Amino acid sequence: MSTKSNSLKEKLTKNFSEFSQLSDYSFMNCLKADPQSTKDGNDHKPRSVYSGHYVPVVPTALPDPEYISHSNKLFKELGLSPDLTKDKNFCSFFSGDISVADYPMSPVGWATGYALSIYGTEYTQQCPFGTGNGYGDGRAISVFEGIFNGKRMEMQLKGGGPTPYCRGADGRTVLRSSVREFLAQELMDAFGIPTSRSLTLYVSRSEIVRRPWYSKGSRYFEPDIMIDTQAAITTRVAPSFVRIGQLELFARRVRNNAHDEALKELKMIVQHLIDRNYQVEIEYGTSFKSKVLKLAYLYRSRLISLVVNWMRVGYCQGNFNSDNCAAGGFTLDYGPFGFCELFDPRFQPWIGGGEHFSFFNQPSAAEINFKTFCSSLKPLLSESEEDIELIEQIENDFSKLMNQELKKMWANKLGLEHYHETIINDFFNLMLISKADYTILFRKLSDIPDNIVSLKESFYLPINEELKNKWEVWIQNWQSILKKEANIKEKSALMKSLNPVYTWREWTVLPAYEEAEKGNYSKIKELQAVFSNPYKEQPTEIDQKYNRLKPRQYFNHGGVSHCSCSS
């Protein structure tokens, strides 16, 4: 091994004591705790939180925790040795027992409140007090913040137990949803789409929680049984977990004159967001109002890019409320999500979502969330009509810019340099009437076939002669444009870099968490490997398993084709 390789190996964080030295808690050090909170973090019962940016909370440790997996890629990026997963204190910490924290680590974690808007309408019904002061991180508790290879990261336990925002629930996530979030974050990152990341996954071998779910083979829309299932904790990682809903909460308090510090608290959380997620792009020395306007401009670009790329790979957020929208411009919440298999613009995996959050409606949902974002910033600009006009212009241009980027994306997925409306609209119509698989069809087209033969493998039903002829005409028209624009091999390579071979197929993930419940984690690790490189064809055995049409029995299958948010 070379000297350079030895040097890199030596720099890895190898044990929990070394890990603790990476800590740096800017969120708790720079922002305000709820004045009514306890310093020791013993604050687990539902209550109203009227002010402050966070509540100190000690997580509830998983009893009898068992390690399942970790993200090899993220460990490498953070400079963490895989040996850490064998470190007793590291495992205890990330399964919820933070009493093992070494100085200078914090002995408490923190949970945050946020507001909720659904398609631009403010809601308080989800708050048990009917005021919005009890809505927030009900089972997500941040426990660590530190500097890794020069980058600041926050680590949050999903399923870490109750907080003041738990609304009477147990604060736990089940193994099923924890496996889904852990794997989905891995896949989204491999797609090259900004996302929170997966660190570790643990399950309790003794704590059982009860949840509504679907009986085996259920065709019901709503869950039809209650099941006992194991509690689990997955740790997600991001530069920050500030949501639009958080900014919205503080802006509401300003508008309602909730308390004397409301405007100051809004300014503090916005400054924190800039420091954590936009520090490179927003100059430190500029005025605060200039920073706010630049923030709106930058976030608009990030949010548009995010949603366009979701649609590129067939992802549907399912529940794209303001509280599920990260203000840093990345994919945040992997609860009621899914990936489109049989092409349907109205695809919606979550039974509680409605068509307004369906696959092709995501750009509209994003626009409404962005309006909420801008509205939350306006109290910071209220002294200047000119600044208000500027942010309103940034807000009003969202739809036009989103449409421009969507057109570029659809053109690029088909190898086209420019958006050809007739070609692309005809293609969507053919996809619909042919019952095509979204991912398989685009990947087959990436080989730029001369005829329909290879495309037939992407259709869920046989096609008749009339439809076959329509496809042949479309292929000829499409190819005539491609050949005029550039080298076909270059086109094919570009398309393959945008159109993955492998995607999330719920029926292939189902066995992974079912086997995990029995203590077998091999399918989780196999999916991690498949998802680590979704644009590259894998060995035949893997390809035949994961690159195929959804089996008939999984259509209208509760917990597979559609699911509740119970987790």
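Of the residues SER492, SER454, SER458, the single one that is surrounded by 12 or more Cβ atoms within 10 Å (Cβ to Cβ), free of Cβ contacts under 8 Å to residues at least 12 places away in the same chain and within 28 Å of TRP310 (Cβ to Cβ) is SER454.
Filtering ASN309, ASN321 for residues that are farther than 30 Å from ALA516 by Cα, of a type in the set (S, T, N, Q) and at pLDDT below 95 leaves a single hit, ASN321. Residue pairs whose Cβ atoms lie under 6 Å apart, separated by 6 or more positions or on different chains, with the first residue in region 428-451 and modelled with pLDDT of 95 or more and the second of a type in the set (Val, Ile, Thr), are SER434/ILE463; THR439/THR503; ARG443/VAL501; ILE448/ILE488. The residues on offer are GLY171, GLY245, and the sole one that is closer than 30 Å to LEU377 by Cα and of a type in the set (Gly, Ala, Ser) is GLY245. Residues that are closer than 27 Å to GLU66 by Cα, within 24 Å of the chain's Cα centre (by Cα) and assigned to a helix (DSSP H, G or I) do not occur anywhere in region 536-546. One residue stands out among those in region 64-107 that are closer than 17 Å to VAL143 by Cα and aromatic (Phe, Trp, Tyr): the one that is surrounded by the fewest Cβ atoms within 10 Å (Cβ to Cβ), which is TYR103. Selection of helices (runs of 4 or more DSSP H) fully inside region 456-517 by the criterion of at least 1 residues being under 30 Å from PRO336 (Cβ atoms) and in the same structural domain as PRO534 (by TED's automatic domain parsing) returns 488-498, 506-516.
Within region 108-127, restricting attention to residues that are of a type outside the set (A, V, I, L, M) and assigned to a loop (DSSP other than H, G, I, E, B), which residue is surrounded by the fewest Cβ atoms within 10 Å (Cβ to Cβ)? By that ranking, first place goes to GLN125.
Within region 175-224, restricting attention to residues that are within 23 Å of the chain's Cα centre (by Cα) and part of a loop (DSSP other than H, G, I, E, B), the residue that is surrounded by the most Cβ atoms within 10 Å (Cβ to Cβ) is SER196. Filtering region 23-60 to residues that are in contact (Cβ under 8 Å) with a residue 40 or more places away in the chain and farther than 24 Å from ALA262 by Cα leaves SER23, ASP24, ASP40, HIS44, LYS45, VAL58, PRO59, THR60.
Exactly one residue out of VAL254, VAL280 is outside the structural domain of TYR123 (by TED's automatic domain parsing) and within 19 Å of LYS151 (Cα to Cα): that is VAL280. The requirement of being in contact with a His (Cβ under 8 Å, 6 or more places away or on another chain), surrounded by fewer than 17 Cβ atoms within 10 Å (Cβ to Cβ) and of a type in the set (Lys, Arg) is fulfilled nowhere in region 236-256; no residue meets it. Restricting the search to helices (runs of 4 or more DSSP H) fully inside region 351-430 and requiring at least 3 residues that are surrounded by fewer than 15 Cβ atoms within 10 Å (Cβ to Cβ) gives 385-396, 398-413.
The condition of being out of contact with any Asp or Glu (no Cβ under 8 Å at 6 or more places or on another chain) and either exposed (fewer than 15 other Cβ atoms within 10 Å of the Cβ) or over 27 Å from SER178 (Cα atoms) (or both) holds for only one of GLY130, GLY136, that being GLY130.
Among the residues making up region 431-443, those that are under 20 Å from TYR315 (Cβ atoms) and crowded, with 18+ Cβ neighbours inside 10 Å are MET431, ALA436, ASP437, TYR438, THR439, ILE440, LEU441, PHE442, ARG443.
Is it true that PRO59 is in a loop (DSSP other than H, G, I, E, B), at pLDDT 95 or above and under 25 Å from the mean Cα position of the chain (by Cα)? Spelling it out, PRO59 is indeed in a loop (DSSP other than H, G, I, E, B), at pLDDT 95 or above and under 25 Å from the mean Cα position of the chain (by Cα). Among the residues making up region 532-555, those that are farther than 22 Å from LYS73 by Cβ and hydroxyl-bearing (Ser, Thr, Tyr) are THR540, TYR554.
The values are calculated or read from the model by the stated rules, or taken from the named source; none is laboratory data. Predicted, not measured: the structure shown is a model, and the values here were computed from it. Neighbour counts are summed over all protein chains in view; Cβ atoms, including those assigned to glycine, are modelled from backbone coordinates with ideal geometry.
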